[in-house]
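Below: one structure, written as structure tokens.
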Amino acid sequence: MTFKPALVVVDLQEDFCPPHGSLAVQGGRDIVPAINDLLSLPFPLKIATKDFHPQDHISFASNHPAPNNKPFQSMITIKNPHNPEETQETRLWPDHCVQGTTGSELLPEFHVGKVQHIVEKGQDKRVEMYSAFADPFTSPTVSRSKLAKILHDAAVTDVYVVGLAADYCVRFTALDAQKEGFNTWVVGEATKPVDASAMEAVYAEYGKAGVRVIDKDDAAIRRVREYS
Ligand code: VGL
Ligand code: ZN
């Protein structure tokens, strides 16, 4: 049975962390030691992703008129730019991870020197893109990152997802990894949510999809330790 694991570290960026992040996730920085521990394991492929928006991105509340432009609260309807019949309800956020700003930078304490690829996402101003694979539209997909090709070209079998945020980019990246045909594992200690009350529903979604949430001592991690 073949086993080739890859580690995907999602959006470990200043804007998602205290003390200065515009969209800081509570305890966001506290997961770095767990992630650095995972980076020291013999994963044959390690990837970091970055949320990387233009200033005029559709998900920024600042780009929408009052009164429906409250960051963290307001929801808007986005149309597929190639197909107005397909729509998505999506949340508005404070400006975050704008290309070229310090908020978009990866955390300096994250051992990014151990990753082989940094995949940027969210550059298309017309669509939200939580998943590091693609935007949520399907008829057709609007924007795809290089992530699926990198993983498939390397003949990866198992994808281990960690990072920020558990209820947004980690969630949709893990669900898409499973859809792409990879056995997908989310390491619980190595992710934190924007909204902890959302996690029960996220776990239920994972259960349906076949994504497994594990802790760092799980047999699936031991298997990586023994990988050669
Ligand atoms: C994210 C909200 C907006 C994330 C990205 O990385 O989870 N959340 N953009
Ligand atoms: Zn974003």
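Read-outs: derived from the displayed coordinates by stated rules, not from any lab. Not measured: the values here are computed from a predicted model. Cβ placement follows ideal geometry from the backbone for every residue including glycine, while neighbour counts extend to all protein chains displayed.
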Exercise for review: Let me know the Kirkwood hydrodynamic radius for segment 104-228, please, with Cα pairs as the basis and the value in Å to one decimal.
Suggested key: 15.5 Å
Practice item. Over segment 50-175, calculate the relative contact order: mean separation of alpha carbon pairs under 8 Å at least 6 apart, over the residue count, as a percent. Key: 25 percent
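If I stretch the segment between ASN63 and ARG225 completely, what's the gain in nm (0.36 nm per residue apart, minus their alpha carbon distance), one decimal? Don't skip to the answer; put the middle values down first.
On the way: separation 162, 0.36 × 162 = 58.32 nm, distance 4.61 nm.
Additional length available on full extension: 53.7 nm.
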Exercise for review: May I ask you to sort LEU12, LEU164 by Cβ crowding, counting other Cβ atoms within 10 Å and putting the fewest first?
Suggested key: LEU12, LEU164
Review point. What is the mean projected area of the alpha carbon convex hull for segment 46-178, to one decimal in square nanometres?
Key: 8.7 nm²
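Find the eigenvalues of the gyration tensor of the Cα atoms of segment 1-79, then list the square roots of 5 times those eigenvalues as equivalent ellipsoid semi-axes, largest first, in whole angstrom.
Gyration-tensor ellipsoid for segment 1-79: 33, 17, 10 Å.
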Exercise for review: Would you pull out the residues with amide H under 5 Å of ALA134's amide H, same chain only if 5 or more places away, H placed 1.01 Å from N?
Suggested key: SER145
Review point. Can you list the residues of segment 169-186 with backbone N under 13 Å from a point 7 Å past the Cα of MET1, pointing along Cα to Cβ?
Key: 183
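Can you give the FRET efficiency to the nearest 0.05 for THR141 and ILE214, using r as the Cβ-Cβ distance and R₀ = 30 Å?
On the way: r = 29 Å, r/R0 = 0.98.
The calculated FRET efficiency here is 0.55.
Which of rounded, prolate or oblate describes segment 124-175 when judged by the alpha-carbon gyration tensor and an a/c cut-off of 1.5? Walk me through the intermediate numbers first.
Values: a/c = 2.30, a/b = 1.22, b/c = 1.89.
Oblate.
Using a 10 Å cut-off around each Cβ, can you sort ARG144, ARG222 from fewest to most neighbouring Cβ atoms?
By the 10 Å Cβ count, ascending: ARG222, ARG144.
Which value in Å is the Kirkwood Rh of the chain over different Cα pairs? Can you show the working numbers first?
On the way: mean 1/r = 0.0564 Å⁻¹.
Evaluated on the chain, it is 17.7 Å.
For n ≥ 4 DSSP H runs only, could you compute -39500 (n - 2.57) per run for the chain, divide by its residues and tell me the 222 nm figure to the nearest 500?
Values: 5 runs with 44 residues, N = 228.
That comes out to -5500 deg cm²/dmol.
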